[in-house]
Amino acid sequence: MNEMNKKAVQAAGDARLMDDFVRQNEPFVLRCASFTVHRYVTKSDDEWSVALLAFSQAVQEYSMDKGSFMGFAKLVIRRRLIDYIRTQSKYSAETAVSLSVLDSDPEEERGNIAAGKAVFRQIEQIPDDSLKLEIESVNYTFSAYGFSFYDLIRCSPKAEKTKKACARAIAYIIRNPLLTENMRNSKYLPVKIIEKNAEVPRKILERHRKYIIAAVEIMTGDYPFLADYMRFVREELDR
């Protein structure tokens, strides 16, 4: 029997052991919370309290037939935090605004809040968790490049001319599989090659690097809902 699994089973039936077990695993709980919400979580954050309660719940509900306790606990923490996030209107608005800047119309760019509300209404109409799961999945991919889905709020192009220039760069990468593979392996945007062959200014490529990388990953991955928001890119690829 795995030592950690054994301790979890013993802690479930002993209050003193439970307190010690939870205290010993606080760093693990913090890591799980930070990974789930994609930012550093401290003990002063609400997410910490949610994650700690989830860990205690995992101890009480764990049994050996559920496999590794740590894997089970990570799953419970993740589920509880996602449920908590869903109740936060701030998160919902942030998600909507993030989606709106993927490829909103120029008129919408004058007010991200209005655009975000419109997108959020679309999100609510999706009958299952497909979009949420896509965001979670693509976030894991983005983390390897050093940014998250919500960073797109700050780095997405706003002007139509800039959007079209970025779309040319994105389409060029997608149409050259070896370039896409090189980007994924190196975790860098091949600025010199794109600048020369797609005729996109270096300044635009460097300023909107995260957006271009994100768009390539979304358009070439299994993200149909997210890809649907990238109108400028789809139009460029269809040419």
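Coordinate-derived values only; no laboratory data. Treat the numbers as computed from the prediction; the structure is a model and nothing was measured. In this analysis, Cβ positions are derived from the backbone assuming ideal geometry, glycine residues included, and neighbour counts consider all displayed protein chains.
Things worth noting here:
- Inter-label distance, nm, simple model (7 Å from Cα along the C-beta direction), Thr220/Arg31: 3.1 nm
- Rounded if a/c under 1.5, otherwise prolate or oblate - the stretch 127-239, Cα gyration tensor axes: prolate
- Inter-part distance where the stretch 188-235 and the stretch 160-177 are each reduced to a Cα centre, Å: 5 Å
- Greater than 27 Å apart at Cα, pairs in Lys66/Lys187; Lys132/Lys187; Lys161/Lys196; Lys132/Lys161: Lys66/Lys187; Lys132/Lys161
- Calculated FRET efficiency for the pair Asp20/Lys187, C-beta based, R₀ 35 Å, to 0.05: 0.30
- Charge tally around Asn5: other residues with Cβ under 13 Å, Lys/Arg +1 each, Asp/Glu -1 each, net +1.
- Listed residues Ala58, Phe72, Val22: farthest to the positive end of the dipole of the stretch 3-86 (Cβ charges): Phe72
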